[in-house]
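The values are calculated or read from the model by the stated rules, or taken from the named source; none is laboratory data. Here the structure is a predicted model, which means the values were calculated and not measured. With ideal geometry, Cβ positions are generated from the backbone for all residues, glycine too; neighbour counts draw on all protein chains shown. Heads up: the accessible areas ignore ligands, DNA and RNA and are worked out on the full protein's heavy atoms, side chains in. Shrake-Rupley method; radii C 1.70, N 1.55, O 1.52, S 1.80 Å.
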Amino acid sequence: MESDKKKIMITGGAGFIGGILCHFLKEKNIDFVVIDNLSTGVYTNVPHGTDFICCDYGAVDKYSAKLKQCDIIIHLGGSID
């Protein structure tokens, strides 16, 4: 029997909004992985123990295995610079 539990991938999870979302999901015991290149985000925004990949979201080869495990992607990565 397959689990109904979904896994989420968050790009930009170390940013201000991404960090808040990560803490919320952690509180709700929701399984997620974070991708962030830390160009404007801060690693300390990500909850301790989170599955974290440091790379640009354009570098799919670095996280493609994790991507295949995810059911939902929340794209928060970006820069106004």
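Anything in segment 23-37 that is loosely packed, with under 14 Cβ neighbours inside 10 Å and among the basic types (K, R)? List them, or say none.
Passing the criteria: only K28.
Of the residues T44, T40, T50, which is over 18 Å from D81 (Cα atoms), open to solvent by 60 Å² or more (accessible area, probe 1.4 Å) and among the polar types (S, T, N, Q)?
Testing whether each residue is over 18 Å from D81 (Cα atoms), open to solvent by 60 Å² or more (accessible area, probe 1.4 Å) and among the polar types (S, T, N, Q) leaves just T44.
Only one of (1) touching a residue at least 60 places away in the same chain (Cβ under 8 Å); (2) at positive phi; (3) not acidic (D, E) is not met by L76, so which one is it?
Among (1) touching a residue at least 60 places away in the same chain (Cβ under 8 Å); (2) at positive phi; (3) not acidic (D, E), the lone unmet condition for L76 is (2).
Please go through (1) without any contact (Cβ under 8 Å) to a residue 24 or more places away in the chain; (2) in a helix (DSSP H, G or I); (3) of a type in the set (G, A, S) for G18 and return the number of the only condition it doesn't satisfy.
That leaves (1) as the condition not met.
Condition test on I20, is it open to solvent by 60 Å² or more (accessible area, probe 1.4 Å) and of a type in the set (A, V, I, L, M)?
It is true that I20 is open to solvent by 60 Å² or more (accessible area, probe 1.4 Å) and of a type in the set (A, V, I, L, M).
Which of the residues spanning segment 25-55 are more than 14 Å from I72 (Cβ to Cβ), part of a helix (DSSP H, G or I) and either at pLDDT below 95 or not polar (S, T, N, Q) (or both)?
Passing the criteria: K26, E27, Y43.
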